[in-house]
Each structure stands twice: as structure tokens, then as C-alpha cells.
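Student: Please read through the structure below; I'll follow up with questions.
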Amino acid sequence: MDLAQLTARASEALSGGSDFKKKVKFDFGSVGKLLIDGANGKVDNSDDPADATISVAWDDFAKISSGAMDPTMAFMQGKLKVTGDMSVAMQLQSLMKKLAG
């Protein structure tokens, strides 16, 4: 999966109805960004402000979304960093299941 495919999948996940109503940005470094705006049902690759920003390497994100890496362990090991509202990141669990496919 690449960033364009992930963006499309996130958009599908929101359009199918989601209780996630915040803005979260994934920062994948040189690969790009993914902004999920649950309040407005929009997904894009902008660098707009968000309630929480999750910084993670693309390869580590792929492992997390496939279930090969535990997100809590990734956070504890410093592979996943959250800035902003930590509770927003915690609300992502159900949405992440949809992104994993």
C-alpha cells in the first residue's frame, strides 16, 4: 500500500460512517502526510492543523496497520510519537481497523 491508497482507504472508512469527529494528522516524514478530518468527513494529504499529530515512519505504520506491531509498544519504543491531544489518538482504534482492511 502507498500513501495514495491509504488516503483512499481512509476516505472510504469515513464515508461509511464513523464516530471519529476530530482532526488527526499522520506525519510519515518524507513519504508525506495524511490528514483525517472526522468532523467534516474529509481526508487529504495537507499539512493543516489537527487536534493530534502522529509521527511514525511509513514502514512502522504498515506494521502497525497489519497487526505485526503493537501501537502501544511502538509508542513506548519511540517509534510512534503523538503531539497534541493524546485522547484523540486513543480514539483512532476503530478507524485503524477499517484502514487495515
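No value in this document is a laboratory result; all are computed from the given coordinates. Just so it is clear, the structure is predicted and the values come from calculations on it, not from any experiment. Quick reminder, even Gly has a Cβ in these numbers, built from the backbone with ideal geometry, and neighbours come from all protein chains shown.
Student: Would you list T72, T83, T53, T7 from fewest to most Cβ contacts within 10 Å?
Tutor: Least crowded to most crowded, the residues run T72, T83, T7, T53.
Student: In deg cm²/dmol, rounded to 500, what helix-only [θ] at 222 nm does the chain give when every DSSP H run of at least 4 residues adds -39500 (n - 2.57) and the total is split over its residues?
Tutor: Using -39500 (n - 2.57) per qualifying helix, the result is -11000 deg cm²/dmol.
Student: OK, next. List the residues whose amide H sits under 5 Å from the amide H of D51, counting only those 5 or more places along or on another chain, with H placed 1.01 Å from N in the peptide plane.
Tutor: Here K23, V24 satisfy the definition.
Student: First select every other residue whose beta carbon is under 13 angstrom from the beta carbon of K81; then total the charges, Lys and Arg +1, Asp and Glu -1.
Tutor: Overall, the nearby charge balance is 0.
Student: Return the distance in nm (one decimal) between the two label points of a simple spin-label model at S94 and S30, each offset 7 Å from Cα along Cα→Cβ.
Tutor: Spacing of the two 7 Å Cα→Cβ label points: 3.8 nm.
Student: Would you mind computing, in nm to one decimal, how far apart the modelled labels at S66 and S87 are, each placed 7 Å from Cα along Cα→Cβ?
Tutor: 3.5 nm
Student: Now for a separate question. If you take every DSSP beta bridge fully contained in segment 3-100, what fraction is antiparallel? Give it as a percent rounded to 5.
Tutor: Working: 13 of 17 bridges.
About 75 percent, rounded to the nearest 5.
Student: Let me check against my output: what whole-number percent is the relative contact order of the chain, with C-alpha pairs under 8 Å and at least 6 apart?
Tutor: The value is 27 percent.
Student: How many angstrom lie between the C-alpha centres of segment 59-77 and segment 1-51?
Tutor: First find each Cα centre; the distance between them is then 18 Å.
Student: Just to confirm a number: summing +1 for Lys and Arg and -1 for Asp and Glu over residues other than S46 whose beta-carbon lies under 9 angstrom from that of S46, what do you get?
Tutor: My count for the surroundings of S46 gives -1.
Student: Which shape class, rounded, prolate or oblate, goes with segment 3-100 when its Cα gyration tensor gives a ≥ b ≥ c as root eigenvalues, a/c under 1.5 marks rounded, and past that a/b bigger than b/c marks prolate?
Tutor: rounded
Student: So, with +1 on the Cβ of K and R and -1 on the Cβ of D and E, and no other charges, what is the size of the charge dipole of segment 3-100 about its Cα centre, to the nearest 20 debye?
Tutor: Around 140 debye, computed over segment 3-100.
Student: Could you run the Karplus curve 6.51 cos²θ - 1.76 cosθ + 1.60 with θ = phi - 60° over segment 16-23 and give me ³J(HN,Hα) per residue in whole Hz, x for Gly and Pro?
Tutor: Residue by residue, segment 16-23 yields x, x, 8, 8, 7, 10, 10, 10 Hz.
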